[in-house]
Amino acid sequence: MKPTYLNRILAIVNSLEPKTKALPYLELDSMMLSQVVEVAQRVSQNDINNTHIQNWVRRKYLPSPHKKKYNREQVANILLINDLRNILSLDEASRLLGFVNQTLSDNSDDRINPSKLYKYYCEIFDRTQIDWQKSLDQLSDEVNDSLTEEAICDDDKEKIAVTLVILNLLARANLYKQIAEHWLEILPQEPSEISSDKGS
């Protein structure tokens, strides 16, 4: 039987919508801003509103909408930026997306269609979430093994176990963030740097 805390953590994970639920929306030719916000809130659990997206357009992280409608490429980039902003600054997120799709305010120079990039991201993310559930079981077993020798009541042991699981999850998140930040540091900053690197 799983410890109570593990069931609660898994319930949180299971309450999150799979990222792939956004993919049918990327089949639409265009969406109004309120629709984009609704989809972004559903698949990211982020606090996002119209002002966020309008600000991203002003800052050239996205092309301007056409007749107040966002095409599938813009929606894909909005969903990506919205996910990334929990971990990266907006400048870092735009730099990462600009590495693959150069000028974010212009889709004509994209190496891959943003909706395809988002599709691949969703598929991989959803598989990772399933793998993460398996690793959470393993982490719980490791925590319980570590506490076997402790002569404390079950209630105290569970509180200690919860704390150890959360500490470990935060440490993993920090490790992944540090690795990603190091990768971001070595990405070329300007499209001209990318083309000059190809020749060397």
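The values are calculated or read from the model by the stated rules, or taken from the named source; none is laboratory data. Owing to the predicted nature of the structure, the values given are computational and were not obtained by experimental measurement. In this analysis, Cβ positions are derived from the backbone assuming ideal geometry, glycine residues included, and neighbour counts consider all displayed protein chains.
The table below lists the values:
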read-out	value
Cross-chain or 6+ apart pairs with Cβ under 6 Å, the stretch 39-64 first and under 15 Å from Leu104 (Cβ atoms), then surrounded by fewer than 21 Cβ atoms within 10 Å (Cβ to Cβ) and at pLDDT below 90	Lys60/Ser105; Pro63/Ser105
Residue within the stretch 66-81 that is among the charged types (D, E, K, R), farther than 30 Å from Leu187 by Cα, modelled with pLDDT of 90 or more and out of contact with any strand residue (DSSP E or B) (no Cβ under 8 Å at 6 or more places or on another chain) present	yes
Some residue of the stretch 94-116 being under 14 Å from the mean Cα position of the chain (by Cα), closer than 27 Å to Thr51 by Cβ and touching a residue at least 40 places away in the same chain (Cβ under 8 Å)	yes
Subset of the stretch 101-120 that is surrounded by fewer than 17 Cβ atoms within 10 Å (Cβ to Cβ) and at pLDDT 85 or above - its residue that is farthest from Asp47 (Cα to Cα)	Ile112
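This table checks each residue for (1) under 30 Å from Asp156 (Cα atoms); (2) in contact with a Cys (Cβ under 8 Å, 6 or more places away or on another chain); (3) among the β-branched types (Val, Ile, Thr).
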{"site": "Ser15", "(1), (2), (3)": "yes, no, no"}
{"site": "Lys21", "(1), (2), (3)": "no, no, no"}
{"site": "Tyr25", "(1), (2), (3)": "no, no, no"}
{"site": "Asp47", "(1), (2), (3)": "no, no, no"}
{"site": "Thr51", "(1), (2), (3)": "no, no, yes"}
{"site": "Gln54", "(1), (2), (3)": "no, no, no"}
{"site": "Lys67", "(1), (2), (3)": "no, no, no"}
{"site": "Arg85", "(1), (2), (3)": "no, no, no"}
